[in-house]
Amino acid sequence: MDLTGKVGLVTGAAQGIGRAFTEALLRHGAKVALVDLNKSIGDACKKALDEEFDAARSLFIACDVGSEEELKCAFKKTVDLFGSLDIVCNNAGINNENNWEKTININLTSVIRGTYLALEYMSRENGGKGGVIVNMASLSGLFPSAHGPVYTATKHGVVGFTRSIAATSKILDYGVRINTICPAFVATPLLDSVNSEQIMGKYYVFKDAVQKLIEHYGILEPSLIVQGLMKILQDEELNGAVMKITKSKGIHFELYETTLKQPEVK
Ligand SMILES: NC(=O)c1ccc[n+]([C@@H]2O[C@H](COP(=O)([O-])OP(=O)(O)OC[C@H]3O[C@@H](n4cnc5c(N)ncnc54)[C@H](O)[C@@H]3O)[C@@H](O)[C@H]2O)c1
């Protein structure tokens, strides 16, 4: 996909991986809506980007992805301003075992809603011209983690949902490729959450053990996750892929032993 002139929407775009995604899309000539809950970081991010890229190519939208109304509004604003939608990164996520219902809402429900909204605009079924959706999971979407059962459940949910809706898209010819990225630890503010008793609740006892895990597996730079995103955007064959990114193996894919037969639609 040539990104010049394409329109992207990135959630959780004000910092961390989302910000790195946004910068990369802008660098490749796309227009980007930065959707984020945090207005002060979002405004600062937009200001910094405007010093490097044409200000008219980006838009910051203050939005809680956990709110159906606000997320719908963010998609509409993006399309109203830029005229189309080609790439959606459902990236916003939190790690909060104490308020685990919120974690489910932000990490899973919002990713599902963001995917459905993206399909409303991009699917050929609705007169759209196709596109790419990237849902952010984590290695926690593939393995158990004693220190974060609900975070882990949400990320397993993102992997299962993405693989399934990607199959739907293929069978019903939506023209939209839908993939997921599962990174190991990444150098962003999210990593600090494991040091907060208020956030981790009873799993705070794992604080030191998690630090040891981080030291053992190493910390990835957001730029490597950007390389993963670019591979997904460029490789037209990728749909329903589960991309893993680790320090030891770099960018690679989860290979599933069996592919269950999917229903056929005449
Ligand atoms: N950092 C890691 O080690 C790591 C590893 C694997 C996967 N991930 C996943 O990558 C994604 C991005 O994480 P990150 O590390 O960049 O985190 P981060 O905390 O650095 O950034 C997350 C961004 O999302 C925004 N956000 C949070 N709740 C929101 C909401 N309700 N509505 C809109 N925006 C909201 C925050 O304001 C922030 O700007 C998450 O889904 C996370 O689970 C992170």
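We did not get these values from a lab; they are worked out from the coordinates using the rules stated. Computed from a predicted model, the values in this text were never measured in an experiment. For neighbour counting, all protein chains shown are included, and Cβ atoms are generated from backbone atoms with ideal geometry for every residue, glycine included.
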Under the Karplus curve 6.51 cos²θ - 1.76 cosθ + 1.60, θ = phi - 60°, whole-Hz ³J(HN,Hα) for region 130-139, x wherever Gly or Pro sits: x, x, 9, 10, 10, 9, 8, 9, 4, 4
Relative contact order (percent, whole number), region 7-253, Cα cutoff 8 Å, 6+ residue spacing: 18
Hits among aspartates and glutamates - C-alpha to C-alpha of Lys247 under 15 Å, sequence gap 8 or more where chains match: Glu215, Glu221
Förster-model FRET efficiency, 25 Å R0, Tyr217 and Asp192, C-beta, rounded to 0.05: 0.90
Projected label distance in nm at Ser67 and Lys261, using a 7 Å step from Cα toward the beta-carbon: 4.8
Sorted largest first, extent of region 97-211 alpha carbons per principal axis (Å): 51, 21, 21
Taking all pairs of distinct alpha-carbon atoms in the chain, Kirkwood radius in angstrom: 18.6
Under 29 Å from the Cα of Lys261 - lysines, other chains or at least 8 residues apart: Lys129, Lys155, Lys170, Lys231, Lys244
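Provide the convex hull volume over Cα atoms per residue for region 209-266, in Å³.
Measuring per residue, one finds 138 Å³ for the Cα hull of region 209-266.
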Dipole axis of region 91-225 (+1 Lys, Arg; -1 Asp, Glu on Cβ), positive-most option in Met200, Leu220, Ile181: Ile181
Within straight-line cross-link reach of Lys46, lysines at Cα separation under 17 Å, skipping those fewer than 8 residues along the same chain: Lys31, Lys77
